[in-house]
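Everything on this sheet refers to the single structure shown next.
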Amino acid sequence: MNADLVVVGSGFYGLTVAQRCAEELGLEVLVVDRRSHIGGNAYSEFEPETGVEVHRYGAHLFHTSNERVWQHVNRFTSFTSYVHKVYSTYKGEVYPLPINLGTINQFFRAAHGPDAARALVAELAGEIETSEASNLEEKAISLIGRPLYEAFIKDYTAKQWQTDPRDLPAEVISRLPVRYTYDNRYFNDTHEGLPTKGYTAWLENLADHPKITVQLDTDFLDLSQPLNKRDVVGQVPVIYTGPVDEYFDNVEGALSWRTLDFEQEVLPTRDFQGCPVMNYAGDEVPYTRIHEFRHFHPEREAQHSQDKTVIMREFSRFAEKGDEPYYPVNTAEDRARLLAYRDLAKGETGTIFGGRLGTYKYLDMHMAIGAALSTFDNKLVPHFSKGEPLV
Ligand code: FDA
């Protein structure tokens, strides 16, 4: 093996580290991934019948207020001016989200100004003291009041968690933002947009360096493969972005995750729902939301089919063995296990655990990229330029 560094996982974390090490340090980097495509969960592909870019692992919207990350990502892609907005269907009516003055006035059939709406929500939320909330339902009511909770949070949360909100811990939500303006822009970040040529083109640009080799369909933990953990660790520095529990053969028990099932369908109409994301707040349908991907790229309308569209219904459930891990459940048991895995990871000199799976943390793309840049600065540069141990 002719590599100075092995990166396990070609998601944003792994590819960002690989690119920096190849360009700045001149290292030969070998990136392996067990999937048959690069890019991790941000991977996208153009659906052939409609010409629409579909995000295979769920909708990915890029947003950041981190100037360093924004400067960095702009080296590898340009961004459209897309601004994310979400709507929610509840009892046959469509409301704007996040809950804002438009949502409140439509829901209460009122014409409140900001002060009156704030007073109304405060009065309704007064039913329960936040500090006394003993479960998610009580916490949510203490923040936004029962009527808005029952409409927009209750059944949606139950579908997400397959659990009655009264049986979920209050800590699952820390705040429920309500905007007392008509602004329904979903993200508050300084920068937002979608990669002009798509996610896969962006990820391929990251890997496009003569010193980076990408090897797909290679599971680093499969000891029957020619390139695997047993033969590599200790010989060459490793950046591991797969699941931390799997790396240690689940010796401390498996960490729990929620996963998503996606049902993709091409429909014989140009426009199915008129917006990119429609949440379904009630329990009359089992899915949480429907994505209609053409609306992410209105600037591509000329290349999209004019009589077909592609939609994706999203269903949420607890992950079982073999499912894709998406969101950490993070129970008290998970947290105890994670601490045990962190101790084991400390003993694994020469291997750095990173990314969302390697750290058991939900990371947005800009966070994964920012974390990879910090690992490069704080660990890889000192190791490769000054000979400091890699820990
Ligand atoms: P990522 O999971 O992308 O990559 C890890 C890679 O490691 C995978 O390719 C995997 O195959 C590989 N791997 C694992 N084990 C291996 C092994 N043993 N051997 C070889 N390879 C192995 N973020 C955002 O900013 N805006 C958004 O809108 C969304 N939306 C979104 C929706 C959904 C449903 C999810 C689950 C996540 C998002 N995200 C997001 C988050 C985004 O997906 C996340 O930030 C990145 O995937 C993180 O990149 P990583 O490289 O850490 O992991």
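The values are calculated or read from the model by the stated rules, or taken from the named source; none is laboratory data. Quick caveat, the model's predicted, so the values are computed rather than measured. No Cβ is skipped: glycine too gets one built from the backbone with ideal geometry, and neighbour counts run over all protein chains shown. For the accessible areas, the whole protein counts, side chains as well, though only heavy atoms, and no ligand, DNA or RNA atoms are used. Shrake-Rupley method; radii C 1.70, N 1.55, O 1.52, S 1.80 Å.
Things worth noting here:
- Residues that are in a strand (DSSP E or B), near the ligand (Cβ under 9 Å from one of its atoms), surrounded by 13 or more Cβ atoms within 10 Å (Cβ to Cβ) and not acidic (Asp, Glu) are absent from the range 216-239 altogether.
- Matching option when the condition is open to solvent by 20 Å² or more (accessible area, probe 1.4 Å), away from the ligand (no atom under 16 Å from the Cβ) and hydrophobic (A, V, I, L, M, F, W, C), among VAL121, VAL172: VAL172
- Within the range 290-314, residues that are part of a loop (DSSP other than H, G, I, E, B) reach partners that are buried (at least 20 other Cβ atoms within 10 Å of the Cβ) with beta carbons closer than 7 Å, at six or more positions or on different chains, in the pairs HIS297/GLU53; HIS297/LEU194; HIS304/THR50; HIS304/VAL52; HIS304/ARG294; SER305/THR50; LYS308/THR50.
- Residue in the range 93-107 that is closer than 20 Å to VAL277 by Cα, surrounded by fewer than 14 Cβ atoms within 10 Å (Cβ to Cβ) and out of contact with any strand residue (DSSP E or B) (no Cβ under 8 Å at 6 or more places or on another chain) present: yes
- Lone unmet requirement of (1) surrounded by fewer than 16 Cβ atoms within 10 Å (Cβ to Cβ); (2) within 16 Å of the ligand (Cβ to nearest atom) for GLU67: (2)
Residues are listed down the side, and each one gets a yes or a no for (1) modelled with pLDDT of 95 or more; (2) in contact with a helix residue (DSSP H, G or I) (Cβ under 7 Å, 6 or more places away or on another chain):
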| residue | (1), (2) |
| --- | --- |
| ASP323 | no, no |
| THR331 | no, no |
| LEU339 | yes, no |
| ASP343 | yes, no |
| ILE352 | yes, yes |
| GLY355 | yes, yes |
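- Criterion (under 30 Å from VAL6 (Cα atoms) and out of contact with any strand residue (DSSP E or B) (no Cβ under 9 Å at 6 or more places or on another chain)) met by exactly one of THR359, THR349: THR349
- Against the list (1) among the acidic types (Asp, Glu); (2) within 16 Å of the ligand (Cβ to nearest atom); (3) open to solvent by less than 40 Å² (accessible area, probe 1.4 Å), the condition ASP334 fails is (2).
- Looking only at residues of the range 1-58 that are under 18 Å from LEU373 (Cα atoms), away from the ligand (no atom under 14 Å from the Cβ) and not charged (D, E, K, R), we find that the one that is surrounded by the fewest Cβ atoms within 10 Å (Cβ to Cβ) is GLY26.
- Selection within the range 337-357 - open to solvent by less than 20 Å² (accessible area, probe 1.4 Å) and within 8 Å of the ligand (Cβ to nearest atom): GLY354, GLY355
- Among residues of the range 81-90 being within 20 Å of the chain's Cα centre (by Cα) and open to solvent by 20 Å² or more (accessible area, probe 1.4 Å), the one that is farthest from ALA42 (Cα to Cα) is TYR87.
- Residue list for the range 358-391, filter: assigned to a helix (DSSP H, G or I), open to solvent by 30 Å² or more (accessible area, probe 1.4 Å) and either within 25 Å of THR331 (Cβ to Cβ) or acidic (Asp, Glu) (or both): THR359, MET367, ALA371, ASP377
- Close Cβ contacts (under 7 Å, 6 or more residues apart or on different chains) running from residues in the range 80-104 that are in contact (Cβ under 8 Å) with a residue 24 or more places away in the chain to residues that are open to solvent by 20 Å² or more (accessible area, probe 1.4 Å) and of a type in the set (Asp, Glu) comprise THR80/GLU299; VAL83/GLU192; HIS84/GLU192; ASN100/ASP183.
- Any hit, the range 261-277, residues being more than 14 Å from the ligand (Cβ to nearest atom), in a loop (DSSP other than H, G, I, E, B) and either touching a Phe, Trp or Tyr at 6+ places or on another chain (Cβ under 6 Å) or among the hydroxyl-bearing types (Ser, Thr, Tyr) (or both): yes
- Counted residues, the range 199-236 - those being in contact with a Leu (Cβ under 6 Å, 6 or more places away or on another chain) and without any contact (Cβ under 8 Å) to a residue 40 or more places away in the chain: 2
- Any hit, the range 260-280, residues being at positive phi, touching a residue at least 24 places away in the same chain (Cβ under 8 Å) and open to solvent by 10 Å² or more (accessible area, probe 1.4 Å): no
- Criterion violated by ASP307 - all others in (1) within 25 Å of HIS291 (Cβ to Cβ); (2) within 14 Å of the ligand (Cβ to nearest atom); (3) open to solvent by 20 Å² or more (accessible area, probe 1.4 Å) satisfied: (2)
- Qualifying residue in the range 71-79 (condition: closer than 24 Å to PRO276 by Cβ, within 16 Å of the ligand (Cβ to nearest atom) and outside any loop (DSSP other than H, G, I, E, B)): yes
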